1. Kindly list the number of the only condition in (1) surrounded by fewer than 17 Cβ atoms within 10 Å (Cβ to Cβ); (2) touching a helix residue (DSSP H, G or I) at 6+ places or on another chain (Cβ under 7 Å); (3) modelled with pLDDT of 95 or more that fails for residue 79.
2. Please go through region 7-23 and pick out each residue that is under 18 Å from residue 107 (Cβ atoms) and either at pLDDT below 95 or surrounded by 15 or more Cβ atoms within 10 Å (Cβ to Cβ) (or both).
3. Name the residues in region 25-36 that are part of a helix (DSSP H, G or I), loosely packed, with under 13 Cβ neighbours inside 10 Å and touching a helix residue (DSSP H, G or I) at 6+ places or on another chain (Cβ under 9 Å), would you?
4. Being free of Cβ contacts under 8 Å to residues at least 60 places away in the same chain and more than 14 Å from residue 124 (Cα to Cα) is the filter here, so list the residues in region 48-65 that pass it.
5. For region 88-118, give me the residue count where each residue is surrounded by fewer than 19 Cβ atoms within 10 Å (Cβ to Cβ) and not in a helix (DSSP H, G or I).
6. Working carefully through the options 42, 88, find the one that is at pLDDT 95 or above, over 30 Å from residue 124 (Cβ atoms) and over 16 Å from the mean Cα position of the chain (by Cα).
7. Kindly indicate the residue of region 50-71 that is exposed (fewer than 13 other Cβ atoms within 10 Å of the Cβ) and in a helix (DSSP H, G or I) and also nearest to the chain's Cα centre (by Cα) among those meeting that condition.
């Protein structure tokens, strides 16, 4: 059980580290004026929010298959955003620095989504195993305050 607990901890640690990177990159990101890129950014960020929100394994409506599907949608949105950023960069609509900052930030956000999905999936598996392995009567015992 310890390896699974460490694995889950690792996923959530990576998410926290990447969130700090995303915040740091946000300070240097300039607004995008290209409508295609702006639309892809909005689509991507919406997919990220849906994926990360659905990866709450403690939520009553948590569904591992649904979260996996949302992660697939996030990866598709990332691919479209990346292509739009590269096109805008080659046309000169974005400076190379702007393009790189957006690519880095979106890559980190996508990775947060991936880690959230894996973390939730392994956490639900870990907690169900822990409950199954608990001595009879302890799974309903209240934790000390």
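The values are calculated or read from the model by the stated rules, or taken from the named source; none is laboratory data. In this text, all values refer to a predicted model and were calculated from it rather than measured experimentally. Methodologically, a virtual Cβ is constructed for each residue, glycine included, from the backbone with ideal geometry; neighbour enumeration extends over all protein chains shown.
1. For residue 79, the exception is condition (2).
2. 11, 14, 15, 18, 21, 22, listed by residue number.
3. Result: 26, single match.
4. The answer is 49, 50, 53.
5. Number of matching residues: 3.
6. The match here is 88.
7. By that ranking, first place goes to 53.
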